Amino acid sequence: MNQGRISELITGALASEVCPDLRFAPPTPAEIHRYLGYPPDATPAGRIEQRISRIVKEALPCLRPRGAYSLYAVSKRTARSLKLDATTISGNIGEFLAHAGRAAVFVVTVGEEISGLAESAAKKGDAFAALVLDATGSWAAESAADALMARIRRHLKDQEEMTLRYSPGHCGMEMTQQRKLFQIMQAGSVGVRLLPSLLMHPLKSISGIVGLAPKETIDSHHSPCDLCPQVGCHMRR
């Protein structure tokens, strides 16, 4: 299947793309352990590890990774805002993307089947399987986001690099900014909708914004966590 298709441009966007079939490698055991909350130097006992592996293997065919993005010129910025076309995104995103001349607003999802499996396992009283399925869905959503970033990279010019990616609810953006992101990207094209609670459906979805900036201005950061004060988070990279 074609990895992506160019969609009809949203008004004001420099480029838009819908990717109905994002692809990534299967997870390593360590990746799933991390999403289950294991410290980097810890591994589950043998029989537990075998069961985790079986659950993950059975879950992988249920994933439907896909995504979409729209690329905009940054028309105005302050330390607490970033303006893309006529839409102003508020929060520390203005500081974090201070050197970006363009920014892409994106959404990815792995579909609702994985969450349905986790819910079904929980209803059957298998809390362990539900936990592993949920962790697998979270890993897959992050992997889908990484795969979409590779698509956005094609828009980089010479001596440009992509910034870290930032999502509402984290990294200096309130959850309310989710509404603005959904106004300027084609989330519906990949089956993602924003609920009144500001959560997304399917649950295993990620939205956010990433900047395209001069390479020398962003080389000092290698992970979104470099700018986050939550040093005790087990997901810190």
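We did not get these values from a lab; they are worked out from the coordinates using the rules stated. No experiment lies behind these values; they were computed from the predicted model shown. For neighbour counting, all protein chains shown are included, and Cβ atoms are generated from backbone atoms with ideal geometry for every residue, glycine included.
Suppose the chain between residue 54 and residue 215 were pulled fully straight at 0.36 nm per residue; how much longer would it get relative to their current alpha carbon spacing?
Details: separation 161, 0.36 × 161 = 57.96 nm, distance 4.22 nm.
Taking residue 54 through residue 215 to full extension adds about 53.7 nm, to one decimal.
Of the residues 97, 22, 199, which exhibits the maximal mean-square fluctuation in a Gaussian network model of the chain defined by a 10 Å Cα contact cut-off?
199
Number of Lys pairs in the stretch 5-227 with C-alpha atoms less than 23 angstrom apart, excluding same-chain neighbours closer than eight positions?
So the count works out to 13.
For a quick check: sort 23, 66, 165 by the number of other beta carbons within 10 angstrom, fewest at the front.
Lowest to highest Cβ neighbour count: 23, 165, 66.
Quick one: 204, 215, fewest Cβ neighbours within 10 Å first, how do they rank?
215, 204
Helix 46-59 versus the longest principal axis of the chain: what angle, 0 to 90°, nearest 10, using Cα atoms?
60
Hey, fewest Cβ within 10 Å first, where do 96, 24 land in order?
24, 96
If you find the alpha carbon centre of the stretch 73-93 and of the stretch 15-39, how far apart are they in angstrom?
Each part reduced to its Cα centre gives a spacing of 29 Å.
With springs connecting C-alpha atoms under 10 Å apart, model the chain as a Gaussian network and identify which of 186, 178, 159 has the largest mean-square fluctuation.
Between 186, 178, 159, it is 159 that shows the largest mean-square fluctuation.
Report the net charge of residues surrounding residue 74, where surrounding means a beta-carbon distance below 11 angstrom and charges are Lys +1, Arg +1, Asp -1, Glu -1.
Combined, the nearby Lys, Arg, Asp and Glu give +3.
Computed over the Cα atoms of the chain, what is the convex hull's projected area averaged over all directions, in nm²?
Hull-based average projected area comes out at 13.6 nm².
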